[in-house]
Amino acid sequence: MNYCVIYFLPICLLFLSFALCLPDSCQESTEDPICSKASMHVSRTLHQATMRAVRVHAFGGPDKLKLDSDVPIPEPNEKQVLVRVHAAGVNPVETYLRQGTYHIKPPLPWIPGNDCAGVVEKVGPGVSKYKTGDRVFTYKSVTGSYAEYTVTNEKDVFTLPAPLSFQQGAAMGIPYFTAYHALILRAKAKAGHKVLVHGASGSVGIASVQLAKAYGMTVYGTAGSPEGLELVRNAGAKMSFNHRQPGYTDKIMEATDGSGVDVIIEMLANVNLQKDLELLARGGTVAVVGNRGNIEINPRLMMLKESSIVGVLIPPDAEAIKLQINAALQPGMEQGWIQPVIGKEYSMAEAGQAHEDVVSTKPTLGRLVIVP
Ligand SMILES: NC(=O)c1ccc[n+]([C@@H]2O[C@H](COP(=O)([O-])OP(=O)(O)OC[C@H]3O[C@@H](n4cnc5c(N)ncnc54)[C@H](OP(=O)(O)O)[C@@H]3O)[C@@H](O)[C@H]2O)c1
């Protein structure tokens, strides 16, 4: 017994310590045949357990968006879906959240992003609508979409029809859902109405133009550059006007023979709301989608024309509204009358640049997307 302890115990300890050290020492050396099996195991395990993602560790400017490569891949719970992200949309609101000055402050470290498109990787046990391999787009994300993988509640996942690319799918969630909500559900626009999309060259603007055209409305749109003006006409506007040029609202009035427009989808209310009230026809409606400050308006105009101003924000728990909107949009994606326009693609390392661009005064030409 004593001989066993004296001779065999040190040998066992030597083998044990060698075995424990093996994975670490082998990570660097894939060519060593002794190490190759262990290193394959290690890299596969790492690949399965971690992902690259853009994270904010402290609130502030675009430089606070850091590309991290060791972020745990999130696990979907009962009614959640894990999506392999192929493209994530960049929305102005993500820049407000990143600054830390918005009314909501996400806990840090935080992965920005809500809408994306990709392929279902895994579903929770209570998920019935989707399975691994399905092409989908999301309206919202639980864990953030500027990442290789994102977890989303099943109710915020929708089928991405084959005609649309993943990049286009990343423009469906917030832009098209918001455009439909603004135009049809809030402003109650109908076929035959004259609709002005004030700020039509961006994500929500192009979506609003395409939907209004498809529903039989006469569409006017504004943009701030020659390319933007052309883009807006190509999306279906009868005429486009440059909102950076003085007197452009007079031209819109002339285009409507002085009667004004029935509906305005407004992307920058703090600049345009008073002009909008002047541009409205009797009984018309301004739907405020975007706003970045205060403005003084003359409510008398509302009185005289019996016009309305409505706010637009899909309530977070409005499952029925999202189902209704998705049902209306699916045929457009299938039949081709919904064609999201991609302005620019960024890698995850370029997320800071994407944030600078989405709120810059440079001309907008469609949706900005991050491709992991
Ligand atoms: N309420 C909601 O639920 C909701 C949802 C999504 C977005 N939003 C908000 O809606 C706004 C638009 O979002 P987005 O994603 O479409 O942004 P985007 O893609 O960056 O587009 C911004 C648009 O605003 C236009 N614009 C610039 N100056 C303007 C002016 N003086 N008058 C009218 N338009 C002007 C831009 O035109 P040029 O660049 O050609 O000048 C561009 O068409 C943002 O403020 C965003 O935060 C709100």
Query - Options 208, 225, 203, 165; residue that is within 21 Å of residue 260 (Cα to Cα), within 24 Å of the chain's Cα centre (by Cα) and at pLDDT 95 or above - result: 208
Requested in this report: Give the number of residues within region 44-83 that are surrounded by 12 or more Cβ atoms within 10 Å (Cβ to Cβ) and modelled with pLDDT under 95.
Outcome: 1
Query raised in the report: Has region 238-254 got any residue that is surrounded by 24 or more Cβ atoms within 10 Å (Cβ to Cβ) and within 17 Å of residue 367 (Cα to Cα)?
Result: no
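Residues are listed down the side, and each one gets a yes or a no for (1) of a type in the set (Lys, Arg); (2) surrounded by fewer than 18 Cβ atoms within 10 Å (Cβ to Cβ); (3) not assigned by TED's automatic domain parsing to the domain that holds residue 249:
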residue	(1), (2), (3)
124	no, yes, yes
134	no, yes, yes
144	no, no, yes
147	no, no, yes
152	no, no, yes
159	no, yes, yes
183	no, no, no
Report summary line: Flagged pairs (Cβ under 8 angstrom, 6 or more apart or on separate chains; first in region 335-364, farther than 16 Å from residue 199 by Cα; second modelled with pLDDT under 95) are none
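Residue-by-condition table, conditions (1) at positive phi; (2) more than 8 Å from the ligand (Cβ to nearest atom); (3) surrounded by fewer than 24 Cβ atoms within 10 Å (Cβ to Cβ):
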| site | (1), (2), (3) |
| --- | --- |
| 164 | no, yes, yes |
| 170 | no, yes, no |
| 173 | no, yes, no |
| 176 | no, yes, no |
| 201 | no, no, no |
| 216 | yes, yes, yes |
Report summary line: Of the residues in region 218-236, those that are away from the ligand (no atom under 12 Å from the Cβ) and either surrounded by 24 or more Cβ atoms within 10 Å (Cβ to Cβ) or in contact (Cβ under 8 Å) with a residue 40 or more places away in the chain (or both) come to 219, 220
Report summary line: Residue count, region 245-283, condition under 21 Å from residue 188 (Cα atoms), more than 14 Å from the ligand (Cβ to nearest atom) and among the small types (Gly, Ala, Ser), comes to 4
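The values are calculated or read from the model by the stated rules, or taken from the named source; none is laboratory data. This one's a predicted model, so the numbers in the text were calculated from it and none came from an experiment. Because the Cβ atoms are built from the backbone with ideal geometry, glycine has one as well, and the counts that use them run over all protein chains shown.
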